[in-house]
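As structure tokens, the structure follows; a few thoughts come after it.
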Amino acid sequence: MKEELKKIKEEVLNCKKCSLFKTRTFPVIGQGSHSAKIVFIGEAPGANEDKTGRPFCGASGKILDELLAHIKIKREDIYICNILKCRPSQNRKPQKEEIEVCTSYLERQIKTINPKVICTLGNYSTAFIFEKYGLKDQIQGISKIHGKIFEVDSLFGKIKIIPFFHPAVATYNRNTIEVLKKDFEILKEI
Ligand code: URA
Ligand code: SF4
């Protein structure tokens, strides 16, 4: 298991599959427990993540830490990664072609870690994961489906998929942190 994650790391460090490799400082591969029961998937690295190679280490990361603290789950017990491993410049949105070529890494990470719960943060990771697990017809804006549990069958048994607002929304609208906190409480229950 660890071997495969190491292999993914090596490949991502050398990856030139899309043009984002040209402007990255470090790719952000993922962080946390390799046997995590919960995997969080964000969108793409921002400026701080690009500088450090660590996911959610800037303003959004602070919100995420606050949410995890709220439900008393430690960062080292979960695994956090993103749809795209390299930072889109000016924090623009991920492009379709970039998602297409990059997500084979994410798929391998999920397969290797084999979590029981996948938490998607924001529209991009929600759309990707819903499509991957046959929930395409249930894709709606995150404001409609946040905090709901979607159970699916995978090759390795049942998985729960739970979409959340991206923590970044709470950095410009502080009120949403209450919604996020309430949604995160679901993780405590399951
Ligand atoms: N936003 C994300 O989606 N991912 C990060 O790693 C940081 C900010
Ligand atoms: Fe490779 Fe993904 Fe980085 Fe593009 S974003 S260069 S596909 S690791």
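Beta bridges from DSSP with both residues in segment 117-187: antiparallel share about 50 percent, rounded to the nearest 5.
Which whole-number percent of Cα pairs in segment 101-154 have a distance greater than 12 Å? Every Cα pair in segment 101-154 considered, those over 12 Å come to 68 percent. Structure note, pairs LYS22/LYS160; LYS111/LYS136; LYS17/LYS181: Cα-Cα distances above 31 angstrom occur for LYS22/LYS160; LYS17/LYS181.
Computed with the Debye formula from one identical point scatterer per Cα of segment 2-189, without solvent, the log10 of I(q)/I(0) at q = 0.08, 0.15, 0.16, 0.18 Å⁻¹ comes to -0.22, -0.85, -0.99, -1.29. Normalising the average separation of contacting C-alpha pairs (under 8 angstrom, six or more residues apart) by the number of residues puts the relative contact order of the chain at 24 percent.
Here, P(r) means the percent of Cα pairs in each 10 Å bin from 0 to the largest distance; for segment 41-111 it is 19, 48, 29, 4. Segment 128-172 and segment 106-121 have their alpha-carbon centroids 12 Å apart.
Every number in this text was worked out from the coordinates using simple rules, so none of it is lab data. From a predicted model like this one, the values you see are computed outputs, not experimental measurements.
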